[in-house]
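**Student:** Have a look at this one before I ask anything.
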There are 2 protein chains.
Amino acid sequence: MMKEVDRVEMAIQESLSGHSCALISGGDPGIYAMAGLVFELCQKKGIPVYRPGAPASRNTPPAGLPPEPGPDGETGLILEIVPGIPALAAGAALAGAPLTHDFAAISLSDLLTKWEAIEKRITYAAMADFVIVIYNPRSRKRTWQLERAQKLILAHRDKATPVAVVTGAMRDNQEIVFTRLDQLHTAPVGMQTVLFIGSSTTATYMDFIFTPRGYTDKYTVVSGTSDRQNAATPDQEAT
Amino acid sequence: MMKEVDRVEMAIQESLSGHSCALISGGDPGIYAMAGLVFELCQKKGIPVYRPGAPASRNTPPAGLPPEPGPDGETGLILEIVPGIPALAAGAALAGAPLTHDFAAISLSDLLTKWEAIEKRITYAAMADFVIVIYNPRSRKRTWQLERAQKLILAHRDKATPVAVVTGAMRDNQEIVFTRLDQLHTAPVGMQTVLFIGSSTTATYMDFIFTPRGYTDKYTVVSGTSDRQNAATPDQEAT
């Protein structure tokens, strides 16, 4: 993490001295990644951050700091955050389709966050029947948190709940293992692993897991055609 | 939604008759999108679904259906799910960095899901201090759910909690509006809107919102350098 702070600091300093700078995260920079750290550091140092000029977008700024020169007289940074494919999307695509319904993403890293707060999130997510996506399940220094999370979730979810264990999604070391919640402690889990723990409706189909939206409960589906007699007026979901 | 069922059915039928077929979603196909429907329909119809040959990946299949010919004697589908950039990542990148800590994604569409279950997820996510990402906040037929969600969250979160309202992320109709939780009911919200409702730590900085990971609380950060005296042993977060 100190390396992350150093990298962001270096990028900020490069940019303030007049060079364009690209700060690159694996996956998406905004999901458990460095985009937040850019704002944290700039806010602490009082360095203004502006959006790139973009006539097509209308921004309504909140009450915040007015544009002012930074501490060394520079006028601040122009920041564009470019989204990527987050590990949760890449991992889900390899597992099947676990995230087609409500889900909660929880990091088990308690280096910067109190473990009690993490436990509360795990427990409440399990009670509210979210699919649970676990980031940072284990590392060299953090070895007991995953089993503790497993126990907390088992208190509210069937022991046979499908789990997908995806390591190194879309990378050379990619590994996909399926298991059940009560066997999760035996799964191969490392620092590049993202776990998908099913909700009460998540199902296994052949070599995949998926969470149904419920289409086939509501609409009668027969081989080759859909039965429109039960169809509600189409309400196109936002994508 | 009937159109979605039709599209997936058509893709399945095309593939079963021997043609490769690409089924395209906006954003990512696995997050509140059609990938799950492929499995739902194939499972209902008893059509086997296989992974593409991939020697580098090790799959441990769960207990499921053995590969068998489908109902018309065909041998099933080979399915590859290709991840994309989900609306939550694109919207977050435009808002700033709201998702750098734990978050819950909740759809307010109660067409296929009981509203009581959705309310429970909203309430528990608020109580456990997740950043909350709201999909499908409103449509022509669903107009009251967002204010109800707002009230539920206000019971557990400060009324000034930052909210980013992102519509048509990365599209021609893109609009980004910032507001606070108690003003959310006045924001321009439509079918292509994704909402980011901050946790208790989500902050506003200039024209952005972000959720701190806590780096700058733990590590002393001074202008130009990072103070290593307080640094813990680096534990590189999985991306």
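Here, each number is a calculation from the coordinates, and none is a lab measurement. Please read these numbers as outputs of a predicted model, since none were measured by experiment. Every residue, glycine among them, receives a Cβ derived from its backbone with ideal geometry; neighbour counts consider all protein chains shown.
**Student:** Show me, for region A:42-49, the HN-Hα J-couplings you get by feeding each phi into the Karplus relation (A = 6.51, B = -1.76, C = 1.60, θ = phi - 60°), rounded to Hz, glycine and proline as x.
**Tutor:** Once θ is set to phi - 60°, the couplings for region A:42-49 become 5, 5, 4, 8, x, 8, x, 10 Hz.
**Student:** Can you work out the FRET efficiency for the pair B:His185 and A:Ile24, with r the C-beta to C-beta distance and R0 = 41 Å, to the nearest 0.05?
**Tutor:** 0.60
**Student:** Give the lysines reachable from B:Lys44 as a straight Cα distance under 21 Å; neighbours fewer than 8 places away on the same chain don't count.
**Tutor:** A:Lys218, B:Lys3
**Student:** What FRET efficiency comes out for the pair B:Thr201/B:Ala155, r = Cβ-Cβ distance, R0 = 30 Å, nearest 0.05?
**Tutor:** Working from the Cβ atoms, E equals 0.95.
**Student:** Using the structure shown, select from A:Lys45/A:Lys114; A:Lys151/B:Lys45; A:Lys141/B:Lys114 the pairs with a Cα to Cα distance greater than 31 angstrom.
**Tutor:** In this structure, A:Lys151/B:Lys45; A:Lys141/B:Lys114 lie more than 31 Å apart at Cα.
**Student:** Using 1/(1 + (r/R0)^6) with R0 = 41 angstrom and r between the beta carbons of B:Ala117 and A:Asp172, what's the FRET efficiency to the nearest 0.05?
**Tutor:** 0.50
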